[in-house]
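Presented below is the structure to which this report refers.
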Amino acid sequence: MNPTATPSSPWVLAKRADKMNPSVIREILKVTEKPGIISFAGGLPSPKTFPVAEFEAACAKVLRDDPAGALQYAASEGFGPLREMVAAMLPWHVDPAQVLITTGSQQGLDLAAKVLVDAGSKILVESPTYLGAVMAFSPMEPEVVSVANDADGVDIADLRAKAAGARFFYALPNFQNPTGRTMSEASRAALSAEAMQLGLPIIEDNPYGDLWFDTAPPAPLTARNPDGGIYLGSFSKVLAPGLRLGFVVAPKSVYPKLLQAKQAADLHSPGLNQRLIAEVMKDGFLDRHVPTIRALYKSQRDAMLDALAREMPLGDADSTLTWNTPAGGMFLWARLPKGMSAVDLLPYAVAEGVAFVPGAPFYADHADPRTLRLSFVTPSVEEIHRGVAALAAGIQTYAAGLRA
């Protein structure tokens, strides 16, 4: 028997498996399955936005017109017409040959990690950053270093101080998960210029960019330096997450290795799903559909802001709950009074009938235990009002315990 195996199991896990941990969000979502729990936890698009009739018609048409193509193995790069659509909808010149269709944009993060990261490689991330990205990068055993930022964007001086030897900087400029913040035009220009000067590649993740409420966000970082950027996009937030389709736009110097990693991972993303997306998207459907998503999510964001203003006492940042006003996307970022922990608050909130995600797991280092993420897109307006009232009650009970 292998000496490192246990008597009950002959399996010996790779060292990298120790870097794989369960998603905190997925674990919290199990709590939301309890009857009566209002969930602000999951980053799930509202089912009200799913274009069911259009997919029903597309499925019938695709299976009638091209059943063999839809159900057969396919090219690893992706369905040609869909790659052309992706290239055409981006706001800078993109050759369709640079587009790789992935099984969700999450796979794009996994492929980038496999191709770009060695054990001990330094990679830079925002603070806080998307938990799923850290989970994708971690098995490659990098040194993950966070870069300071504010509501407008990245602290360029801190980036410059930490950039030496970094493989890339990972950023979500639009309606970031978890904070909901948007990088300003001035910050994007400064970041792009500094990255070019440093020779620092940028991985730009943009699953939420179409979900703006009043004003479209500034041009992507990748549009400013296409050869220095890898751009990730998703169809999950504007069409249907269950189809698990996203895309990567990569420089020609990197694309072949991403493609080879894709081939090793799953050969190709489902051909039927790709054809369904392409069929639904043709004739400008997204131009008609996405504004309805924006209107719905804006009304739900406003409901959460109204409920927070009504239920939470006014005061300074150390004495009361504070929060931001996201200009799009799916999330609102809040911070508890001094001396509180969102992890410790969670059971009090659940006891009142509401769940959220503590902010600490979103930090690569120097986590702020007072932060929490609230998703406003899945609950109804009425549930948002009840859920915020329940959150306020949970905070009051928690605070009373701290004072006792």
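Do we find a residue being assigned to a helix (DSSP H, G or I), open to solvent by 60 Å² or more (accessible area, probe 1.4 Å), within 30 Å of P347 (Cα to Cα) and free of Cβ contacts under 8 Å to residues at least 60 places away in the same chain anywhere in the stretch 27-46? Yes: the stretch 27-46 contains one or more residues that are assigned to a helix (DSSP H, G or I), open to solvent by 60 Å² or more (accessible area, probe 1.4 Å), within 30 Å of P347 (Cα to Cα) and free of Cβ contacts under 8 Å to residues at least 60 places away in the same chain. Taking every residue in the stretch 59-75 that is open to solvent by 90 Å² or more (accessible area, probe 1.4 Å) and pairing it with any residue that is of a type outside the set (A, V, I, L, M) and not in a loop (DSSP other than H, G, I, E, B), at least 6 positions away or on another chain, the pairs with Cβ-Cβ distances below 7 Å are Q72/G271. Only one of these is within 18 Å of the chain's Cα centre (by Cα), buried (at least 17 other Cβ atoms within 10 Å of the Cβ) and either over 30 Å from A133 (Cβ atoms) or modelled with pLDDT of 95 or more (or both): L332, L391, L345. Name it. On inspection, the qualifying residue turns out to be L332. Taken over the stretch 394-404, residues that are aliphatic (A, V, I, L, M) and surrounded by 17 or more Cβ atoms within 10 Å (Cβ to Cβ) amount to 1. Being in contact with a helix residue (DSSP H, G or I) (Cβ under 9 Å, 6 or more places away or on another chain), open to solvent by 70 Å² or more (accessible area, probe 1.4 Å) and among the charged types (D, E, K, R) is the filter here; which residues of the stretch 308-329 pass it? If the condition is that a residue be in contact with a helix residue (DSSP H, G or I) (Cβ under 9 Å, 6 or more places away or on another chain), open to solvent by 70 Å² or more (accessible area, probe 1.4 Å) and among the charged types (D, E, K, R), then R310 is the only one that fits.
For I277, indicate whether it is in contact with an Asp or Glu (Cβ under 9 Å, 6 or more places away or on another chain), in contact (Cβ under 8 Å) with a residue 60 or more places away in the chain and surrounded by 19 or more Cβ atoms within 10 Å (Cβ to Cβ).
Values: in contact with an Asp or Glu (Cβ under 9 Å, 6 or more places away or on another chain): no; in contact (Cβ under 8 Å) with a residue 60 or more places away in the chain: yes; surrounded by 19 or more Cβ atoms within 10 Å (Cβ to Cβ): yes.
So I277 does not fit the description; no.
In the stretch 284-307, which residue that is more than 23 Å from the chain's Cα centre (by Cα) and under 19 Å from S234 (Cα atoms) is surrounded by the most Cβ atoms within 10 Å (Cβ to Cβ)? Applying the filter and picking the extreme gives F285.
Among residues belonging to the stretch 394-404 that are in a helix (DSSP H, G or I) and of a type in the set (G, A, S), point out the one that is modelled with the highest pLDDT. Give the steps one after another, and end with the answer.
Here is the first cut: in the stretch 394-404, the ones in a helix (DSSP H, G or I) are 394-403.
Filter once more, so that each one left must be of a type in the set (G, A, S): 394, 399-401.
Details: G394: 97, A399: 94, A400: 92, G401: 87.
The qualifying residue modelled with the highest pLDDT is G394.
Does the stretch 353-375 include one or more residues that are within 28 Å of T215 (Cβ to Cβ), among the polar types (S, T, N, Q) and open to solvent by 30 Å² or more (accessible area, probe 1.4 Å)? Steps first, answer last, please.
Pass one, the stretch 353-375, residues within 28 Å of T215 (Cβ to Cβ): 356-357, 359, 362, 371-375.
Checking which are among the polar types (S, T, N, Q) leaves us with 371, 375.
Among the residues that remain, those that are also open to solvent by 30 Å² or more (accessible area, probe 1.4 Å) are: none.
Scanning the stretch 353-375 turns up no residue that is within 28 Å of T215 (Cβ to Cβ), among the polar types (S, T, N, Q) and open to solvent by 30 Å² or more (accessible area, probe 1.4 Å).
Restricting A133, A166, A219 to residues that are among the small types (G, A, S), crowded, with 19+ Cβ neighbours inside 10 Å and touching a residue at least 60 places away in the same chain (Cβ under 8 Å) narrows the list to A133.
The values are calculated or read from the model by the stated rules, or taken from the named source; none is laboratory data. Keep in mind it's a predicted model, so treat the numbers as computed, not measured. Heads up, the Cβs are rebuilt from the backbone with ideal geometry, glycines too, and the neighbour counts pull from every protein chain shown. These accessible areas exclude ligands, DNA and RNA; they are computed on the full protein's heavy atoms, side chains included. Shrake-Rupley method; radii C 1.70, N 1.55, O 1.52, S 1.80 Å.
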